[in-house]
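Q: Right, I'll just put the structure down here and ask away after.
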Amino acid sequence: MTDSGITVSGLRKSYGDSVVLDSIDLDVPAGAIFSLLGPNGAGKTTMVHILATLLPADGGTATVAGHDLLRDPAKVRGAIGVTGQFSAVDNLLTGEENLLLMADLLHLGRRAGRRRAAELLERFELTDAARRTPATYSGGMKRRLDLAMTLVGDPRVIFLDEPTTGLDPRSRRTVWDIVRELAAGGVTIFLTTQYLDEADELARRVAVLDRGRIVAEGTPAELKRRVPGAHVRLAFTTPEALAAAAALLPGATADEEDLALRVPGDGTVAALRILLDRLESAGVAPDTLTVHTPDLDDVFFALTGHLTEERVA
């Protein structure tokens, strides 16, 4: 397996005067879960379509699973799987027949195709529903079948374009577990999503795409540290204890109604130890302590100037 799952350099795409992707650079290691965030219209799906050879780029270079996008598009297609926003499941076929159809399209052979279909039905807990049509499936079951179809060819790189849109929380977490399992097995995952908790849960690295450009990239923790607002909340049982703590910590903000004190800080162990030692030496003891850090929604808003679709809703 190559050291790099996906590399992109100077990738560009425009429709007339509308620039969709403006000189994008990315490097996704093999076996990593990488998440591309952005609002509707930011260019996320366009990026996936280009890397999956479904759409030509206007400029730049890219390799996927070690294969050059322009020189070896057939090899790229042979190494990838794609699960889009909308299910590719055929509701007129049974779950098993959908998988067998994919096996036929990939020229696996009848015996190998049936063996692969049986393996995937068991892996995705769909064996009992194998002879039913997906029209009778729940949303989560249908999405699991869609992912199973993506895996028929045993891809090395999988593009997941907003894979949990419309799923209930339990089904979303089932999909997350599957994604983690795939990455643990060495599969490179390129995930686009508007659900920032999803990126936070899954991705080793995150990039924020806005108006066709990457405006930030890093681990979720690195991106959160770029946004101000981290603080420690100290709660007290009496107004006297609150007043004493406020006098010790002049940069803090008191909430007299809730008997709480908001102290700016990053919540590191060293900073918390200094804070608590200072209170203890003065004989002031908080009742509870809570560390608050910015989430990826805060990062997204700070970088793009607008909220995600999830938070607006």
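Q: Just the residues that are surrounded by fewer than 19 Cβ atoms within 10 Å (Cβ to Cβ) and either among the β-branched types (Val, Ile, Thr) or in contact (Cβ under 8 Å) with a residue 12 or more places away in the chain (or both), please, taken from the stretch 90-99.
A: Asp90, Asn91, Leu92, Leu93, Thr94
Q: Take the residues in the stretch 47-85 that are charged (D, E, K, R) and in a helix (DSSP H, G or I), then tell me which one is farthest from the chain's Cα centre (by Cα).
A: Lys75
Q: Can I ask one more? Given (1) surrounded by fewer than 13 Cβ atoms within 10 Å (Cβ to Cβ); (2) farther than 26 Å from Arg180 by Cα, identify the lone condition not met by Thr133.
A: (1)
Q: Taking the condition closer than 23 Å to Arg225 by Cα and either assigned to a strand (DSSP E or B) or in contact with a Lys or Arg (Cβ under 7 Å, 6 or more places away or on another chain) (or both), does Arg262 pass?
A: Yes: the conditions hold for Arg262.
Q: Does any residue of the stretch 234-241 turn out to be surrounded by fewer than 19 Cβ atoms within 10 Å (Cβ to Cβ) and assigned to a strand (DSSP E or B)?
A: yes
Q: Also: Would you confirm whether or not the stretch 16-25 contains a residue that is closer than 23 Å to Met149 by Cβ and either buried (at least 16 other Cβ atoms within 10 Å of the Cβ) or in contact with a helix residue (DSSP H, G or I) (Cβ under 9 Å, 6 or more places away or on another chain) (or both)?
A: Scanning the stretch 16-25 turns up no residue that is closer than 23 Å to Met149 by Cβ and either buried (at least 16 other Cβ atoms within 10 Å of the Cβ) or in contact with a helix residue (DSSP H, G or I) (Cβ under 9 Å, 6 or more places away or on another chain) (or both).
Since every read-out is calculated from the coordinates, none of them should be taken as a lab result. Not measured: the values here are computed from a predicted model. We place every Cβ from the backbone using ideal geometry, glycine too, and count neighbours over all the protein chains shown.
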